Amino acid sequence: MRYHNPILLGFYPDPSVCRAGDDFYLVTSSFEYFPGVPIFHSRDLVNWRQIGHCLTRASQLPLEVCWASGGIWAPTIRYHDGLFYMVTTNTTGGGHFYVTAKDPAGEWSDPIWVEGKGFDASLFFDDDGKAYFQWYEYPLGIHQTEIDILTGKHITEPKIIWNGTGARSPEGPHLYKINGTYYLMVAEGGTEDGHMISIARGDSAWGPWQACSRNPILTHRSLDLPIQTTGHGDLVQSSDGNWWMVCLGTRPVGYPRYHMLGRETFLAPVTWQDGFPLVGDNGTLALEMDAPLPASQSRLTEISRDDFDSLSFGLHWNWIRNPQINNYSLTQQDGWLRLIGSDATLEQDTSPTFIGRRQQHIKCRATVRLDFAPQTENEEAGLVAWGDVRHHYEIGISLQRGERTVFVRRKIGTLQAIVA
């Protein structure tokens, strides 16, 4: 059966996946955006419907001092004894923690914190009920400790268990037990063009580890392919016995090749050869692939329009850092979203009055009906094509020399100018 990559379009990096029965659940990084850690559900691994966020309260997700691309990095989702666990690192607000839920679409618990430096936290439950916590700590490698899953407290002293294959930044660890053998999979080479995935196996959760002779098992480095920077993956087995990997990648355009959509989520079929996974087409992915999907495909309708006629925000909307929620209203005027301006601007590491959704297509059109009459030259409203605080384009309405004016502003690094 043929499917199309990516399976999640737009800024959905560092995917992690688990299975509960015939249902798959997937989470991705969210960095400085709120709510945090979007969670998706699927039956066929290709069509994913967002069912919520794991972090929806400021007590779970303090982002007040978060820099661009700080905040939440590389979550891992696992299902154990009827409970879902999402473990991650808030790089600017407390470090490693995990939250739990019986219903992944519902409210998740308050954080349970785990002591440790570094980032890219992961969790593994062994057959004997022991819980092992892994993370990457620069430049030392992959660390692990056994924890009390009720409290997050260390049971054993943290230990470096693998340094990868010698490439830089062996991060994003995931530990598995498959047919009695332990496998430790990591992302290496950095998240740019040299990104890759390597794996090793051993007889214990602590190693020692035998690296796969085919490492890296997934990479597009030095290859002229439409998908680049593939890496940071997670394995899952479907109920029919087949194996799969989700990973991140980019779809760059132009020359030099840049990507405007962020790192997206891709899917690869996995087979086994000589006791190690063989990913995709000999370690590469394509925009279209043939594989035995676990269920029939039923294409989901893309959410492309919002008339703001609901009492709650759609799950595709995001704020920058913790929003001043009183500045947003869906009830002051039927069929409108009311935004109340503040002193915070798009050029500051704070939370401006902003609501946004991921750009999911290289070519797209965004339209908004705007009712705004500025009273002073300090007041602006409009649309922004947002990269981060230092890189964005704005088209807005302001008051200039006493006249209501439409302007286009370009912000690239330290350069900023009104260009139309």
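A few notes on this one:
- Residues of the stretch 76-130 that are open to solvent by less than 40 Å² (accessible area, probe 1.4 Å), farther than 24 Å from residue 248 by Cβ and in a loop (DSSP other than H, G, I, E, B): 82, 106, 109, 111, 126.
- If only residues of the stretch 383-397 that are open to solvent by 50 Å² or more (accessible area, probe 1.4 Å) and in contact (Cβ under 8 Å) with a residue 24 or more places away in the chain are counted, the one that is farthest from residue 359 (Cα to Cα) is 390.
- Only one of the listed residues (344, 366) is hydrophobic (A, V, I, L, M, F, W, C), within 27 Å of the chain's Cα centre (by Cα) and open to solvent by less than 30 Å² (accessible area, probe 1.4 Å). That residue is 344.
- Pairs linking a residue in the stretch 291-317 that is free of Cβ contacts under 8 Å to residues at least 60 places away in the same chain to a residue that is in a loop (DSSP other than H, G, I, E, B) and among the β-branched types (Val, Ile, Thr), with Cβ atoms under 8 Å and 6 or more positions apart or on different chains, are 311/331; 313/355; 314/303; 317/355.
- Qualifying residue in the stretch 58-81 (condition: closer than 21 Å to residue 19 by Cα, in contact (Cβ under 8 Å) with a residue 60 or more places away in the chain and of a type in the set (Val, Ile, Thr)): yes
- Search result, residues across the stretch 283-318 that are aliphatic (A, V, I, L, M) and either within 14 Å of residue 51 (Cα to Cα) or surrounded by 12 or more Cβ atoms within 10 Å (Cβ to Cβ) (or both): 285, 286, 287, 289, 291, 293, 295, 300, 303, 315
- Each residue in the stretch 293-323 was checked for being in a loop (DSSP other than H, G, I, E, B), closer than 17 Å to residue 358 by Cβ and out of contact with any Ser or Thr (no Cβ under 7 Å at 6 or more places or on another chain), and 12 pass.
- All strands (runs of 3 or more DSSP E) inside the stretch 144-242 with 1 or more residues being surrounded by 16 or more Cβ atoms within 10 Å (Cβ to Cβ) and within 21 Å of the chain's Cα centre (by Cα): 171-178, 181-188, 196-202, 228-237
- Restricting attention to the stretch 243-256 and to residues that are open to solvent by less than 10 Å² (accessible area, probe 1.4 Å), farther than 17 Å from residue 41 by Cα and in contact (Cβ under 8 Å) with a residue 60 or more places away in the chain, the residue that is nearest to the chain's Cα centre (by Cα) turns out to be 248.
- Any chance residue 400 is open to solvent by less than 90 Å² (accessible area, probe 1.4 Å) and more than 23 Å from residue 35 (Cβ to Cβ): yes
- Top-ranked residue of the stretch 257-275 - restricted to ones that are in contact (Cβ under 8 Å) with a residue 60 or more places away in the chain and crowded, with 20+ Cβ neighbours inside 10 Å, ranked as farthest from residue 182 (Cα to Cα): 261
- Among residues of the stretch 371-382, those that are at pLDDT 95 or above and surrounded by 11 or more Cβ atoms within 10 Å (Cβ to Cβ), counted: 6
- Residue within the stretch 129-142 that is in contact (Cβ under 8 Å) with a residue 12 or more places away in the chain and under 16 Å from the mean Cα position of the chain (by Cα) present: no
- Among residues of the stretch 52-67, those that are open to solvent by 30 Å² or more (accessible area, probe 1.4 Å) and either touching a Ser or Thr at 6+ places or on another chain (Cβ under 9 Å) or not hydroxyl-bearing (Ser, Thr, Tyr) (or both), counted: 6
- Complete set of residues in the stretch 247-290 that are of a type in the set (Asp, Glu) and either within 26 Å of residue 75 (Cβ to Cβ) or part of a strand (DSSP E or B) (or both): 264, 288, 290
- Taking each residue of the stretch 12-34 that is without any contact (Cβ under 8 Å) to a residue 40 or more places away in the chain and looking for partners that are part of a strand (DSSP E or B) and surrounded by fewer than 24 Cβ atoms within 10 Å (Cβ to Cβ) with beta-carbon atoms closer than 7 Å, six or more apart or interchain, yields 23/41.
- Residues of the stretch 361-394 classified as among the β-branched types (Val, Ile, Thr) and more than 22 Å from residue 302 (Cβ to Cβ), total: 2
- The lone exception for residue 316 - which of (1) within 30 Å of residue 367 (Cβ to Cβ); (2) over 25 Å from the mean Cα position of the chain (by Cα) it fails: (2)
- Only one of the numbered conditions (1) within 14 Å of residue 121 (Cβ to Cβ); (2) among the hydrophobic types (A, V, I, L, M, F, W, C); (3) open to solvent by less than 20 Å² (accessible area, probe 1.4 Å) is violated by residue 73, and that is (3).
- Contacts under 9 angstrom Cβ, first residue in the stretch 105-128 being on the phi < 0 side of the Ramachandran plot, partner at pLDDT below 95 and outside any strand (DSSP E or B), 6 or more apart: 111/94; 113/94; 117/138; 119/138
The values are calculated or read from the model by the stated rules, or taken from the named source; none is laboratory data. These figures come from a predicted structure and were not determined experimentally. Because the Cβ atoms are built from the backbone with ideal geometry, glycine has one as well, and the counts that use them run over all protein chains shown. These accessible areas exclude ligands, DNA and RNA; they are computed on the full protein's heavy atoms, side chains included. Shrake-Rupley method; radii C 1.70, N 1.55, O 1.52, S 1.80 Å.
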